[in-house]
1. Step by step: first the residues of the stretch 36-61, then only those that are among the hydrophobic types (A, V, I, L, M, F, W, C) and more than 11 Å from residue 129 (Cβ to Cβ), then the one that is surrounded by the most Cβ atoms within 10 Å (Cβ to Cβ). Which residue is that?
2. Any idea which of 146, 193 is closer than 30 Å to residue 281 by Cβ, at pLDDT below 75 and either out of contact with any Leu (no Cβ under 8 Å at 6 or more places or on another chain) or open to solvent by less than 90 Å² (accessible area, probe 1.4 Å) (or both)?
3. Return the pair list, or none, for Cβ contacts closer than 6 Å from residues in the stretch 676-695 that are within 20 Å of residue 771 (Cβ to Cβ) and in contact (Cβ under 8 Å) with a residue 40 or more places away in the chain to residues that are in a strand (DSSP E or B) and hydrophobic (A, V, I, L, M, F, W, C), at least 6 apart or on different chains.
4. Tell me, which residue of the stretch 494-536 that is among the charged types (D, E, K, R) and loosely packed, with under 14 Cβ neighbours inside 10 Å is modelled with the lowest pLDDT?
5. Determine whether residue 72 is in a strand (DSSP E or B) and closer than 30 Å to residue 17 by Cβ.
6. Go through the stretch 618-637 and report how many residues are touching a residue at least 60 places away in the same chain (Cβ under 8 Å) and closer than 20 Å to residue 394 by Cα.
7. Considering every residue within the stretch 729-738, establish whether at least one is closer than 30 Å to residue 367 by Cα, of a type in the set (A, V, I, L, M, F, W, C) and open to solvent by less than 40 Å² (accessible area, probe 1.4 Å).
8. Scan the stretch 406-434 residue by residue and report those that are under 13 Å from residue 378 (Cα atoms) and among the β-branched types (Val, Ile, Thr).
Amino acid sequence: MAGALAPLLVTLLLSWVVSAVVERSMLRDSLQLEARTLSRLGADLVAAPLEFEDQTSLDDTVRSISATADFEYLVLVRSDGSIAAYSGDPNLRDALAASVRSGETPTLSADVLSARSDSVVAGKKVGSIAVGLNTRNGQSALLRRRWFAGIGSLLAALVAAVVVLSLVHIIRGNSARIEEDRRVLRETGQLARVGGWELRMPYGKWLLTDEARAVLGVTGEAPPFLAMLGTQSRALVNCIDRGEPFDIETELADHRWLRVQGQAERGPTGKTLRVFGALQDVTEHHLAREQALAASRAKSQFLANTSHEMRTPLNGILGMTTLALETQLTAEQRSYLEAVVLSGRTMLATVNDLLDLSRIESGKLSLEVRPLDLAQVVSDATRTLSTLAQARDVQLVVSVPARFETRRLGDAARVTQVVLNLVGNAVKFTPRGEVECALADGASLDELVLSVRDTGIGVPPERQDAIFEAFTQADGSTSRRYGGTGLGLTITRELVQLMGGRVSITSEVGRGSTFTVHLKLPRDPSVGADARLVAQPTRKALIIDPAATSRRALETALQRHGWGAVLASSAQDPEAQRFEGELVFVDVCALPESTSAPLDERTVVTVPFGYAGTVPTALRTLSKPLAFEELASVLSSARSRTAQAQAGPKSRHTPVPRVVDVLLAEDNAVNARVARALIEKAGHRVLHVWNGADALRELETRRFDLVLMDLQMPELDGLEVTRLWRAQEGQRGVTPMRIVAMTANAMASDETACRDAGMDDFLPKPIDVARLRSLLASAASAAVPEAA
């Protein structure tokens, strides 16, 4: 070892000496340059002070230069030979000044490097300056560095020698271990069915590892590897020609699946030198993936089938109940039937939640952008929850500011779903008190804020994030006490995010919660600016309601129509006693107290939606939460009461809507009975057929104004009937009939399939009665003759 180290030590010593000499020379050059720079800089700085005899500036300049780490002396001499400033060893002052006067650069010793410069103002010499820097500090530091560097180099050399000898020992001693690692790698490749391959260019020679040959099941020098790639061979060609890496899967002749990865190594000219990569038998993975996809498809099909099978009887339940509600009923009977409707809608909401969650998870939920009246959407949504609110002694209120623009562009169905989920959740977790759904303007012109405030049980801070997760409620006991799947808030958050908004919660246990939704729904451009202005109050109404929130909500609704309001909590309030306006709104709870005030044609009783109690028959009622169209009708009646009394007989030529002919293709007896009754009650004619073949024959025989087509029918389904009839219409050159899908298949893909087949509209079951009547009215308005 000593023999190996001797040359190394000599080399290190010579290197150390040479480095020391070079660094010392570089140090002196650096200091000499610094001295010249300081003298020139000082000469420039003292020129003006010398000219104007500014001793303070001269002293400041000298102090600044004297702060240099290697400073030895500075002498400043005026043009008349007098010393203007000096810093350094006092014993050297006169000698240095004399050298400067004579125009020479002072020289003290070999360790001091000096420089001299003249100060000139406007071409006139006003003085001279000389600066000296010593090299002692730098040389001492240099010497210390060299010693440390030498010792470090020596230690490094010793460590390097030890490391090299150790590495040699390790390499020699670990050859058996390396061979063992190779064996393990080979066995791992065999177990995972992974092998390596290489294609050498330009000769096209294939090289395969033993594992690759085992995976391919080939022997010999020319395995048919390229042929095995089949239609995927283009990926290998692109890799050779363009250097594009690839990762493909291909099926072998024996129905095994092979994953092949490859990349190219290219030379300086861009020419491919070789292509190499790995291949793996992924048959099991491929089959597992196919099974997972099949399971996902089966899940979607199961949900679709379940939805269809549940919607079909729900259509009968809700349809028949709706028809029954339009007959003469006692208050008790009406209350029972409204409970049936509520239960049916709750069940329908659960089905919709499951379908929506499936759509959201698969990324197939889409949004419509259509004009909507946001106030009406919110009102209609909350009114469906009124029965539940009454049962829980909860006051349900909708608040819309007087100057809030309600005409927007968006997906009314999804906004309704958000409102239903939030308000339904609030009512469910509020044993008693109030729930307020309020609209407000957001930060920008098109932003709005929807808030749902309740006085319920509240949510602990640590659970406020978890309640937005699927199948999660505030705690484990909540679901047992209050029920529910825990999907409502999850779907709400996903829908709000899909619409580009956000939802948050503030809550205090025992005091209630507020859910706040920020949405961007553009204002409807078809609504003129004048229509957005709130009219100035020209009429007065009295509002008697014990609930302050309900009073304020009705007041702002009246303000939107140009009405002022006087608020009172009971009929005994002085404001109520003095009121002499045109309308009096009395909450049904305050009705017994209102006997002191006259109940005449001015009085409107506000009652919860679906209220089954007793109200004087002579009085008009207004449902809460407010239906804004109903309120507008009440106000319109008040305005026109006098005009109606003075109006003459109606014109003899009143337009009468035309009775339309409807073809109903439906194979379910209950659903057919519901649809037929709804159509006939609207005053129209309907022909019912039980299967698709009969529907096609009727279409070929006569013309219908509207065709309601079920999808799943015997002989021919609704899609096939529509395709065949649209083809015949094209051949005959006749005006197309309006065909509407009426089906329990409510997935977005179902609607797409219907429209692709040539249908004009989509009416899912359970039938939305208002939507059906709108379709009938649209068909009837095609021709409105005048009465004779």
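1. Taking the candidates together, the pick is 48.
2. When all the criteria are applied, what remains is 193.
3. Hits for this filter: 679/662; 679/686; 684/662.
4. 530
5. Yes: the conditions hold for residue 72.
6. Result for the stretch 618-637: 5.
7. Yes; the residues of the stretch 729-738 include at least one that is closer than 30 Å to residue 367 by Cα, of a type in the set (A, V, I, L, M, F, W, C) and open to solvent by less than 40 Å² (accessible area, probe 1.4 Å).
8. Correct list: 406, 415, 416, 418, 419, 423.
The values are calculated or read from the model by the stated rules, or taken from the named source; none is laboratory data. In this text, all values refer to a predicted model and were calculated from it rather than measured experimentally. Don't worry about glycine lacking a Cβ; one is built from the backbone with ideal geometry, like all the others, and counts go over all protein chains shown. Just so you know, the surface numbers come from the protein's heavy atoms only, side chains and all, with ligands and any DNA or RNA stripped out. Shrake-Rupley method; radii C 1.70, N 1.55, O 1.52, S 1.80 Å.
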